[in-house]
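S.K.: If you scroll down you'll find the structure; I have some questions about it.
The values are calculated or read from the model by the stated rules, or taken from the named source; none is laboratory data. Here the structure is a predicted model, which means the values were calculated and not measured. Reconstructed Cβ throughout: ideal geometry from the backbone, glycine too, with neighbour counts over all protein chains shown.
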Amino acid sequence: MDNNSVVIKVCSGTGSISAGGAEVLHAFRELVLSSDLEASFQDRCRADKVGCRGFCARDVLVDVVIDGEKTTYERVKSDMVPRIFEEHILGGSPVQEWTADELHQSFQDNQKKVVLAHCGEIDPEDLDAYLNVKGYEAARNAFNDMQPVEIIEKIKRSKLRGRGGAGFSTGHKWEFAYKVDEKEKYVVCNGNESDPGAFADRCIMEGDPHAVIEGMMICARAIGAGKGYIYIRDGYSLAVKRLRLALKQCHERGFLGKNIFESGQDLDIRLYPAPGAFICGEATALVQSIEGKRAMPTPRLTRTSENGIRGKPTVINNAETLANVPKILRNGASWFAGLGTDTSGGTKVFSLTGKVKSNGLVEVPMGATLRDVVYKVGGGIDQDRAFKGIQLGGPTGGCVPESCLDSRVDYESLAVAGTIMGSGGMVVLDETNCIVDTAKFFLDITQAESCGKCTPCRIGMRRMYEILERITSGNGRDGDVELLEDLGSHIRTTSLCGFGMTAPNPVLSTVRFFRDEYNIHIRDRKCPALVCKSLLTFSCIEETCTGCGMCKRVCPADAIRGTRKKPHFIDQELCVKCGSCFDSCKFGAILKE
Amino acid sequence: MGSSKVTLNIDGKEVIAEKNSTILDAARKLEITIPSLCHNPDLVPFGGCRLCLVEVAGTSRPVASCAALVQEGMRVKSSTNYLERLRRTNVELLLSDHPNDCMLCERAGNCKLQELAYYYGIRENRFEGIRREYPEQDNNPFIRREMEKCIMCGQCVRICDEIQGVGAIDFAYKGLWTKVSPPFEKDLDCEFCGQCVAVCPTGALTGRMWASKGRQKFREVETVCPYCGCGCNITLAVKKNEIARVYSKKDTVNQGMLCVKGRFAYDFVHSQDRLTRPLIRINPAKDLYLHQENPYADSSSSAGFKPDPAQFREASWEEALDYTALRLKEIKDRHGPDVIGGLASARCTNEDNYLFQKFMRMAVGTNNVDHCARY
Ligand SMILES: Cc1cc2nc3c(=O)[nH]c(=O)nc-3n(C[C@H](O)[C@H](O)[C@H](O)COP(=O)(O)O)c2cc1C
Ligand code: SF4
Ligand code: SF4
Ligand code: SF4
Ligand code: SF4
Ligand code: SF4
Ligand code: SF4
Ligand code: FES
């Protein structure tokens, strides 16, 4: 397809579709099929829908690949399609003003796409497209030519570790399940993606559903499982739809069902639409949920891999973990191990958001530095403001300061830096973010998502949130920081499951690295980043004020006094700190502090 | 290997325990008290309250002893300053979301939370904040639910599901707002067996009829439930010669479980309606016809049933039995034995019931005899 062909690849992930991707695809297809073109051209030109390639902020992304040469367009709307078609596809000269800029290029060029390699390249709804890129070869090979122990050894040597957060060695997990002498075993893909700010698993399941299924098949072969579940939050409707379609295609082709690849082994994989609470992603809660009960973690008397669904050995792997598996079998364990660090092979996908120039899904090798991710891939801080910190690993992760920018992204280094890999969420903060407010933001999520089972997490998280609330509203008390530390570490040590063990992280890490900022809130009743409303004061600078009266007109609280052409004055008793005067004054005469 | 027992060491004492038992089980063998709120030996380990934490040599975090299995050679400490501090903090947290209504609470004096608050001497609480408040629900006459007193031990949910097999309640919502609830917050509508009430460690679940009948210093009367042939053992908690509540102990044939009747339907004992002496009808209607008017007609409206003195007179047992025998004999002579039928009750002993059917068959001479649990 490289030579003498024109392929138009239109991103069709959730982000793109909401930006009008379906219309763009339709517009291209109409033009390709329009009657006044030569049949020979129509034969070699096609428009494909492809998975998300991570830069959703610039959707709709379109690649035009002419004879193997790729040009990327961004923010394409359907009314731009005729010109691209006319000038570029027919005329041969790209529409320069719409093509991807340098930031976009460096966003893509500084990544290492392994698990996302198919996303943005192949049509996720087309099984043949997946077969064309050697899809299901690894599974066929595993079932026909490999013994379970060989597969397990290979996965172990690849140093693949769970991408669901804890980083447990995937090969070892499979080995536990393999060793249990039991007929009934399960393989589960964890597609719950608990962290509301992460979208890596969604994009993988949407953009390359067959890779996830192939990974599950290989796991089933390795441990001897006859049944699999894809546990996915129901809200991921496009991923649900595509996985369902992919499973149907596999059953039709005999890749799933009875006696697959003539190996004698049966494998049935089903979709399990999940309610999608945060805790549903926790392995023991997930088992409860699949058994039809409320998703609440249970004490781990034994391992899930040995004693999971209905008491049977159950391997639960994250969607990204599983999507890596076929690649390891195809390209070799040492290739995969070589991509990463001594302790962790391969790459990791992060959901990079916050105050960076380029927001999106980024895949980098294990061991890349945070600096690389923020500055090379992310293009640096938005509006070139000062970097303040990164909240890593989702709402239960930790926030690390600038001094940690040279930390490597792997499980051990991030733990040393004071955070976790977690969901792979990365929220970049700049000088305009208040650290206490940020911690409060994350605790607002987690205190509501605690499953409620255990005392420290259910009540403790709420109390921590309330302490933050009083600090940010100007009612902080002496000793509140110490109380936060004490309660935070109490929750961390006494909670039942991984949620409570990590949920205080945003507070504990920010208290550790930004203690002064907490103290200023409490002692001086000030918010240095000018975020916490209750701690702001607005006043009029007499010397600068021209008396134009603009502020007076916009003030909703009638807090501003003054006569025309005379300096105005803000009555602090009446001011509700809405900031309208600050925004409206053309002379910079309102002081916000 | 191969042995089903392991030896471990708790607080310096060796103990031999079953391999699949928990650290808490082993500690209780040694009569070491470890505080617990959610543990129930009859139910699947829950691990929610986080009070039973112990230190195990070689592990970095404290372990919930109710939900961790013993291991050979394990060395456990059940109480250290560190552990007591963690436990105290958890009690503080529970109390920060509790109505502290001990003054009026049915469970006061027999409440595990109250006991822990007392034990840890928690008067000042470092934590404060929003508390759950719920409107009173349910129209049933048996179970009162005050869910703001619930400490989420899950025992009610588990016993209802695992032992009673009903599953009438489960957890709903998340975070601080997690709540034990019937489906969709409807009123509780179940068997009302009260197993949940019996296991609740706090005043969240109580018997409605307990109200203001006394909370402590009961005289316990061990007896057998009078309702059915199962013969569950019950304990009457008596105060001022009145039954204040009924419960059942674990070391009984019914292992502490009861049904709605045995547990809650004891008001008949003190009912004004109870007949305490035999009554004989003054002017019986003709044989074979039932009296058309219901002599009990107005008993439902007023406070208690008073037999209509125009229709009944009190008699001694002697007279009543003689009269009954006489009339039965007359009826049998006139119409034959098969016009007579006998209904016995499961509330009688087996021996009584045996004698009754014998009497009907031999003395009266009919097979018309039945019983609510069938002969
Ligand atoms: C609160 C909590 C939420 C979790 N959510 C997810 C999730 O959404 N997706 C996921 O793959 N793993 C999640 N995990 C991790 C799982 O428990 C489990 O370790 C993982 O799915 C195993 O797969 P892996 O070995 O491939 O990482 C969560 C863990 C905790 C404690
Ligand atoms: S730590 Fe939190 S989420 Fe986990 S079991 Fe306890 S209450 Fe539930
Ligand atoms: S808008 Fe600015 S310049 Fe105008 S009166 Fe208000 S403070 Fe003064
Ligand atoms: S901040 Fe809002 S309320 Fe306060 S003076 Fe300015 S406009 Fe008025
Ligand atoms: S439940 Fe216990 S602690 Fe709570 S009010 Fe009742 S007696 Fe007091
Ligand atoms: S009374 Fe019985 S059936 Fe009803 S909720 Fe309690 S345990 Fe379940
Ligand atoms: S109602 Fe009682 S038994 Fe049920 S969870 Fe609450 S405290 Fe436990
Ligand atoms: S008794 Fe062990 S956690 Fe509650």
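S.K.: Could we say that A:L496 is buried (at least 17 other Cβ atoms within 10 Å of the Cβ), within 25 Å of A:M421 (Cβ to Cβ), in contact (Cβ under 8 Å) with a residue 24 or more places away in the chain and within 40 Å of the chain's Cα centre (by Cα) here?
M.R.: yes
S.K.: From the list B:E106, B:E136, which one is in contact (Cβ under 8 Å) with a residue 60 or more places away in the chain and more than 14 Å from chain A (Cβ to nearest Cβ)?
M.R.: Only one candidate qualifies: B:E106.
S.K.: Checking B:Y173 against (1) touching a helix residue (DSSP H, G or I) at 6+ places or on another chain (Cβ under 8 Å); (2) within 16 Å of ligand 2 (Cβ to nearest atom): exactly one of these is not met. Which one?
M.R.: Single failed check for B:Y173: (1).
S.K.: Further, regarding this structure: Would a scan of the stretch A:477-493 turn up a residue that is acidic (D, E) and either outside any helix (DSSP H, G or I) or at positive phi (or both)?
M.R.: Yes: one or more hits.
S.K.: Tally time: how many residues in the stretch A:532-571 are over 16 Å from A:F582 (Cβ atoms) and among the hydroxyl-bearing types (S, T, Y)?
M.R.: The number of residues fulfilling the criteria is 1.
For (1) within 16 Å of ligand 6 (Cβ to nearest atom); (2) touching a helix residue (DSSP H, G or I) at 6+ places or on another chain (Cβ under 6 Å); (3) aromatic (F, W, Y); (4) more than 27 Å from B:A172 (Cβ to Cβ), each residue gets a yes or a no:
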| residue | (1), (2), (3), (4) |
| --- | --- |
| A:K453 | no, no, no, no |
| A:S489 | no, no, no, yes |
| A:A503 | no, yes, no, no |
| A:L536 | no, no, no, yes |
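S.K.: Give, as residue ranges, the strands (runs of 3 or more DSSP E) completely inside the stretch B:176-243 that count at least 1 residues that are exposed (fewer than 15 other Cβ atoms within 10 Å of the Cβ) and among the aliphatic types (A, V, I, L, M).
M.R.: B:219-224
S.K.: Between a first residue in the stretch A:572-587 that is more than 7 Å from ligand 3 (Cβ to nearest atom) and a second residue that is charged (D, E, K, R), which pairs have beta carbons less than 6 Å apart while being 6 or more apart in sequence or on different chains?
M.R.: What qualifies is A:K577/A:K533; A:F582/A:K592.
Results for (1) crowded, with 24+ Cβ neighbours inside 10 Å; (2) in contact with a Leu (Cβ under 6 Å, 6 or more places away or on another chain); (3) more than 30 Å from B:F46 (Cα to Cα), shown as yes or no for each residue.
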residue	(1), (2), (3)
A:P299	no, no, no
A:N318	yes, no, no
A:K348	yes, no, yes
A:D384	no, no, yes
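S.K.: Something else now. Within the stretch B:141-157, is there a residue that is in contact (Cβ under 8 Å) with a residue 12 or more places away in the chain, away from ligand 7 (no atom under 12 Å from the Cβ) and not assigned by TED's automatic domain parsing to the domain that holds B:L37?
M.R.: Yes, the stretch B:141-157 has at least one match.
S.K.: Next question, about the same structure. Suppose we filter the stretch B:144-168 for residues that are outside any helix (DSSP H, G or I) and crowded, with 21+ Cβ neighbours inside 10 Å; how many remain?
M.R.: Qualifying residue count, the stretch B:144-168: 7.
S.K.: Looking at the stretch B:19-38 only, could you name the residues that are more than 11 Å from chain A (Cβ to nearest Cβ) and touching a Phe, Trp or Tyr at 6+ places or on another chain (Cβ under 9 Å)?
M.R.: B:P35
S.K.: Of the residues A:L370, A:L322, A:L352, which is modelled with pLDDT of 95 or more, within 27 Å of A:V133 (Cα to Cα) and more than 16 Å from ligand 2 (Cβ to nearest atom)?
M.R.: A:L322
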